[in-house]
Amino acid sequence: MRLPFLSMFITSPFDGLQEHAEKVKDCALTFQQAMECYVAERCRRFAELRNEVTQMESDADVVKRRIRGHLPKGTLLPVDKFQLFRYLREQDSVLDTVEDALDWISYREQPGIPKELEKDLLLLVDSVVDPIEELSKMVAEARKYFKNFSEEQRKVVKDIITTLRQQEHDADKAEDVLKRKVFALDTLPITVFHTVRLAETIGNIADHAQNAGDMMRAMVAK
């Protein structure tokens, strides 16, 4: 029988994971605002929102280092320490990729995204924000599971992971639609390259969210 080892912690590592997940979620909402600003003709806040994301990523790094630093050798955990670190790496990669997408945009703010693609770009952004929000729910429910190891609670976590997988699939489809439309446009090659690379980078955000879900599935597996 598995024991609730977390009771042996002064501070559970899953408390830190939850804090980190909330920062990832907050960053995703700011990213969404930045992308909406990017496609709007009169928005002048893109640089400000990008800087906010950079600061959020820095704050999340502090939490990440704290989680790693508070797991000394020999510490008892309800999961394998390396599984925990792999999960944290994927969750943190969501933030890194959000920052990468905004950095890529900053290299070529003008002329921006062709008007014919604005709607599809925003649909792609929305599709990757959904799984990021799901991460926070998943960690919150996983914290409950690792306190009582309830089979019912384990099912709640697995259901969220299933939802996350579907959302990543939806994001893949949105990315595919956008890239096909880019190549169908009669526009400058540099615009095609810039937009396709942007679409792939944004799509990678959902990939990392799904990878985090896969890591969580391994942690809750019997």
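The values are calculated or read from the model by the stated rules, or taken from the named source; none is laboratory data. All of these numbers come straight from a predicted model, not from anything done at the bench. Cβ: placed from backbone, ideal geometry, glycine included. Neighbour counts: every protein chain shown.
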Task: Residue match in segment 142-161 (condition: β-branched (Val, Ile, Thr), within 27 Å of Leu117 (Cα to Cα) and assigned to a helix (DSSP H, G or I)) - done: no
Open item on the list: Here is a list: Ala174, Ala209. Which entry is in a helix (DSSP H, G or I), small (Gly, Ala, Ser) and more than 30 Å from Asp15 (Cβ to Cβ)?
Closed with: Ala174
TODO: Looking only at segment 69-90, decide whether some residue is on the phi < 0 side of the Ramachandran plot, modelled with pLDDT of 85 or more and among the β-branched types (Val, Ile, Thr).
DONE: no
Task: Condition met for Glu200 (of a type outside the set (S, T, N, Q), over 14 Å from the mean Cα position of the chain (by Cα) and either surrounded by 16 or more Cβ atoms within 10 Å (Cβ to Cβ) or under 19 Å from Met35 (Cα atoms) (or both)) - done: yes
- [ ] Could you tell me whether any residue of segment 65-82 is part of a helix (DSSP H, G or I), touching a residue at least 24 places away in the same chain (Cβ under 8 Å) and more than 20 Å from Glu200 (Cα to Cα)?
- [x] yes
TODO: May I ask you to verify whether Cys37 is outside any helix (DSSP H, G or I), free of Cβ contacts under 8 Å to residues at least 60 places away in the same chain and touching a helix residue (DSSP H, G or I) at 6+ places or on another chain (Cβ under 8 Å)?
DONE: no
Task: Any chance Leu121 is over 20 Å from Leu17 (Cα atoms), in contact with a helix residue (DSSP H, G or I) (Cβ under 9 Å, 6 or more places away or on another chain) and at pLDDT 90 or above - done: yes
Open item on the list: Among the residues of segment 108-116, are any buried (at least 17 other Cβ atoms within 10 Å of the Cβ) and part of a helix (DSSP H, G or I)?
Closed with: no
- [ ] Could you check Val220 against (1) surrounded by 19 or more Cβ atoms within 10 Å (Cβ to Cβ); (2) at pLDDT 95 or above and say which number it fails?
- [x] (2)
- [ ] Tell me which residues, restricted to segment 178-196, are surrounded by 13 or more Cβ atoms within 10 Å (Cβ to Cβ) and either in contact with a helix residue (DSSP H, G or I) (Cβ under 7 Å, 6 or more places away or on another chain) or of a type in the set (D, E, K, R) (or both).
- [x] Leu178, Lys179, Lys181, Val182, Leu185, Val192, Thr195, Val196
Open item on the list: Can you tell me which of (1) of a type in the set (D, E, K, R); (2) without any contact (Cβ under 8 Å) to a residue 40 or more places away in the chain; (3) within 30 Å of Val182 (Cα to Cα) is the one Glu118 doesn't meet?
Closed with: (2)
Open item on the list: Just the residues that are at pLDDT 95 or above and either over 20 Å from the mean Cα position of the chain (by Cα) or farther than 18 Å from Leu124 by Cβ (or both), please, taken from segment 27-49.
Closed with: Glu48
Open item on the list: Being within 20 Å of Asp15 (Cα to Cα) and in contact with a Phe, Trp or Tyr (Cβ under 6 Å, 6 or more places away or on another chain) is true for just one of Arg86, Arg143. Which residue is that?
Closed with: Arg143
